[in-house]
Amino acid sequence: ARIDVDLSDATAISDELYGLFYEDINHAADGGLYAELVQNRSFEFSAADEGSYHPLTAWQVTGTAAVADEHPLNDANPSYLSAAAGTAIVNAGYNTGMAFADGDDYDLSVWASADAPTELRVALLDADGNPLSATEKIRVKGNGQWKRYEAELTADADATTGRLAVTTTGAADLDMVSLFPEDTYRGRENGLRADLAELIADLDPGFLRFPGGCIVNTGSFDPDSRERAYNWKDTVGPVEERPTNHNFWGYNQSYGLGYFEYFQFAEDIGAEPLPVVPVGVTGCGDSAEITDPEELDRWVQDTLDLIEFANGPVTSEWGSVRASMGHRKPFGLEKIGLGNEEYKEQYYANYPAFQDAIREAYPDIEIVANSGVDDTGDVFDRSWEFAREQGADLVDEHYYNSPEWFFSNNERYDSYDRQGPHVFVGEYASRSNTWWSALSEASYLTGIERNGDVVDMASYAPLLSNIDYVDWAPDMIWFDNHRTVKSASYEVQHLFANNAGDEVLASTLDASPIASPDIAGGIGLATWNTAATYDDVTVTGADGAPLFADDFADGAADWTVGGNTAGVWEAADGAYSQTALVEDARSTAGSADWSNYTLELQATKTAG
Ligand code: AHR
C-alpha cells in the first residue's frame, strides 16, 4: 500500500471534536455516576411512577413505620417515614447492595424530626445483617422540627452486598436518609463515583453534552406531573428540595446529580458544558406539546435563566443561586442545545421563540438545533433546511447503525454544505460492543476528522450503563456497584481524543479497501437496511453457494421480526444455517414500517 500526503492541503480539526454525551439512561446517574448509595432516600417512590415501586422500595423495615405526609420536609419532598421506637430500617442500595471498602469512610446524613429528644443508631451491615462498621449514635432534638444530622461510618471489611441500617430508640420521623463514600471524585460533597468519573475524565473530553437524550423532552410539561419533561430548575439548590422525577427510561431520578453538578463535573474534567433544553415539544415517541404562548414564554424564560445560572454575575438572581451552591465564578457556558430529536411541526413553531430570546439577551451563545437523521443516516425531514433558515450555529445529528454502515459512510461529510450550520454528531454508535463495531467507529472518525471544517463536535452514545438496569445497548462504559468495564468503543474514543491532531493533511491511499468479512468463511456479518432498494436480496457464500435469498417486500413471511428477535434459515442444500438479528426494532418514524429497520445477517457455515 502507498499513502501520498499533500503537505500544502491542511484542514483544521476542532479542538473540541471529541466529547461526551451523558444521559441518565441505564441508571447512569442514580445507581451510577452519582455516588449516593441509598436508593429511594426520600421515600417518594410510588406505584404511580412504576408498577413495581412503592414508598418503601429498597427499604426493609423491622418494627413499626409508615410513610406519611402530614408535616413534609418541604413541598418538593412530601413523603417521609414515621417510625416508632425501636424500629430498624435497612436500605439495600442498587445492584447486589452497597459496595464498601475496608477502612474507607462513609458520610451519613438524615433529616429527622421528633417530639421528644431521642437517639438514632446508624451502622453499615452486610446482607445477612452482620455489622460492617461500629454503630454511631445521633442525638435528635425533641422540638418537632426537621433538622439535618450527620455521622461518619468506617467500613471494617470489603463488601459488595452492603446495607445501611438506621434504628430509632424513640419515635422519630425520617427523610433524606443518605450515604456517600467520603472519597468521591475530587472529594466533592454530593459528589460523583470516583472510578467512573476518572474513566470519563481519562477520555480527555472537549465537551459534555447533558442531561440527554430522550429524558430532556419526554413526559409532561405540567410541573405537577410525576413524569415531567426535564426542567433544570428542578435540579438545583439543596438536594432535599429537589423533587423526584420518573423518567422516560422507566425509573425514578433523584436529581441529586443536577445542573450544578453537571457544570461542576464539566469544569473538573476540562470539558465545555453543553446543556440541552426542551423547547415545548416532546420527542422519542411522546406527544406532549406546548402551544399556549404564555406557557411557552415560561420555558423560554427558564432557558434564559439557565444561561444566567451558568454565566451571570453573583448579583443576578440565578447567578446568586450558583454562588450559593459554591461556585461564584461563572461556568463559561458557550453553547446550548434546543431540543433533542425534535422533528415535529411544533418544534419549528416553538424554536424561534427560544433562539430569538437567546440571540437578543446573549448574542455570543451558540445555538444547536436538531436534525432529523434516521437510523440509516438519511435526513428524513426538513430539519436541516429549517436550521439553515434560522441561522442555527450547529445541527445535532444522531445515528445508530451497523458496522458496515460506518465503514461505508466514511465520506458522509465530504459533500456537506460549508456555508450553513456546522455539524455536531451528538449521538452515534455502531450497534454492538464488539471489536468490529469499535473498528468501524474508528474508521468513521477518520472521515469526521477529514471534515474538520464542518464537523465541530462528535460524541459516542450512550456513555454509561449499569449492567443490572440496561435500557439501551451498546454503551461505552459498563459498571455494577463496584466494577467498571471499558468497551472496545471506549478504547477508540480514548485513542482518538487523547491523540487528536490540530489539522488533517489531504492524502490518498493506494490499497484495497477493507472488505466485509467473508460470510462463508466461518462467522461473518452482512448488513443492509430494508429500504426499497434492497428488495430481492440474495446472499451468497464465497464458494458461490446460496446462503439466503429473500424478497423484502414480503418480509414478515420469511423473517421473524421483532425487538432483537432471531430467525434461522436453512439453505436449500442444508449446507448453511443463517441467523438474522433485527438489531433495533425501534422505528424512527414511530410506526412498524419495515423501511425503518436495520437487519444484520450472521451466517455460520455448519456443514457441507
Ligand atoms: O442514546 C440513547 C437515545 O438515543 C437517546 O436518549 C436519544 O436521543 C436517542 O434516540
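The values are calculated or read from the model by the stated rules, or taken from the named source; none is laboratory data. No experiment lies behind these values; they were computed from the predicted model shown. In this analysis, Cβ positions are derived from the backbone assuming ideal geometry, glycine residues included, and neighbour counts consider all displayed protein chains.
Results, tabulated for the structure shown:
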| quantity | calculated |
| --- | --- |
| The one condition in (1) over 19 Å from the mean Cα position of the chain (by Cα); (2) surrounded by fewer than 19 Cβ atoms within 10 Å (Cβ to Cβ); (3) on the phi < 0 side of the Ramachandran plot that Val239 fails to fulfil | (2) |
| Elements of type strands (runs of 3 or more DSSP E) contained in segment 81-130, each with 2 or more residues being free of Cβ contacts under 8 Å to residues at least 60 places away in the same chain | 118-125 |
| Verdict on Ala134 being more than 16 Å from Ala151 (Cβ to Cβ), over 34 Å from the mean Cα position of the chain (by Cα), in a loop (DSSP other than H, G, I, E, B) and not charged (D, E, K, R) | no |
| Selection from segment 215-233 of residues that are touching a helix residue (DSSP H, G or I) at 6+ places or on another chain (Cβ under 9 Å) and more than 15 Å from the ligand (Cβ to nearest atom) | Phe221, Pro223, Arg228, Asn231, Trp232, Lys233 |
| Filter result for Thr218 (surrounded by fewer than 24 Cβ atoms within 10 Å (Cβ to Cβ) and among the β-branched types (Val, Ile, Thr)) | no |
| Test: residue in segment 377-392 that is touching a Pro at 6+ places or on another chain (Cβ under 7 Å), under 30 Å from Ile307 (Cα atoms) and not in a helix (DSSP H, G or I) | yes |
| Any pair with Cβ under 7 angstrom, 6 or more apart, that starts in segment 253-276 at a residue that is over 13 Å from Gly191 (Cβ atoms) and touching a residue at least 12 places away in the same chain (Cβ under 8 Å) and ends at one that is among the aromatic types (Phe, Trp, Tyr) and in a loop (DSSP other than H, G, I, E, B) | Phe263/Phe331; Glu267/Phe331; Pro273/Phe331 |
| Leading residue by the ranking (nearest to Val38 (Cα to Cα)) among those in segment 242-276 that are under 16 Å from the mean Cα position of the chain (by Cα) and among the hydrophobic types (A, V, I, L, M, F, W, C) | Leu257 |
| Any hit, segment 195-205, residues being of a type in the set (A, V, I, L, M, F, W, C) and assigned to a loop (DSSP other than H, G, I, E, B) | yes |
| Enumeration of residues in segment 403-434 that are of a type in the set (Gly, Ala, Ser) and within 16 Å of the ligand (Cβ to nearest atom) | Gly426, Ala429, Ser430, Ser432 |
| Where a residue in segment 208-219 is closer than 15 Å to Asn245 by Cα and hydrophobic (A, V, I, L, M, F, W, C) and its partner, wherever it lies, is in a loop (DSSP other than H, G, I, E, B) and within 7 Å of the ligand (Cβ to nearest atom), with Cβ under 6 Å and at least six apart | Cys214/Cys284; Val216/Asn340 |
| Identity of the residue in segment 386-402, in contact (Cβ under 8 Å) with a residue 60 or more places away in the chain and away from the ligand (no atom under 15 Å from the Cβ), that ends up surrounded by the most Cβ atoms within 10 Å (Cβ to Cβ) | Ser402 |
| Qualifying residue in segment 90-111 (condition: over 31 Å from the mean Cα position of the chain (by Cα) and more than 25 Å from Pro131 (Cα to Cα)) | no |
| Test: residue in segment 135-147 that is at positive phi, in contact (Cβ under 8 Å) with a residue 40 or more places away in the chain and either in contact with a Leu (Cβ under 6 Å, 6 or more places away or on another chain) or surrounded by 14 or more Cβ atoms within 10 Å (Cβ to Cβ) (or both) | no |
| Condition broken by Val455, with the remaining ones in (1) surrounded by fewer than 21 Cβ atoms within 10 Å (Cβ to Cβ); (2) of a type in the set (A, V, I, L, M, F, W, C); (3) in contact (Cβ under 8 Å) with a residue 40 or more places away in the chain satisfied | (1) |
| Test: Asp49 is in contact (Cβ under 8 Å) with a residue 40 or more places away in the chain, charged (D, E, K, R) and buried (at least 20 other Cβ atoms within 10 Å of the Cβ) | yes |
| Residue list for segment 337-357, filter: outside any loop (DSSP other than H, G, I, E, B) and within 16 Å of the ligand (Cβ to nearest atom) | Gly337, Leu338, Tyr347 |
| Evaluation of Ser8 against (1) buried (at least 17 other Cβ atoms within 10 Å of the Cβ); (2) under 30 Å from Leu445 (Cα atoms) (one fails), failing number | (1) |
| Qualifying residue in segment 495-504 (condition: touching a residue at least 60 places away in the same chain (Cβ under 8 Å) and under 30 Å from Tyr94 (Cα atoms)) | no |
| Unique residue being buried (at least 23 other Cβ atoms within 10 Å of the Cβ) and closer than 22 Å to Asp30 by Cα when the list is Pro462, Pro474 | Pro462 |
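Let's see how each residue does on (1) at pLDDT 95 or above; (2) surrounded by fewer than 21 Cβ atoms within 10 Å (Cβ to Cβ); (3) more than 26 Å from Trp318 (Cβ to Cβ):
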residue	(1), (2), (3)
Val166	yes, no, yes
Thr169	yes, yes, yes
Asp175	yes, no, yes
Thr184	yes, yes, no
Ile200	yes, no, yes
Leu203	yes, no, yes
Phe210	yes, no, no
Phe248	yes, no, yes
Glu272	yes, yes, no
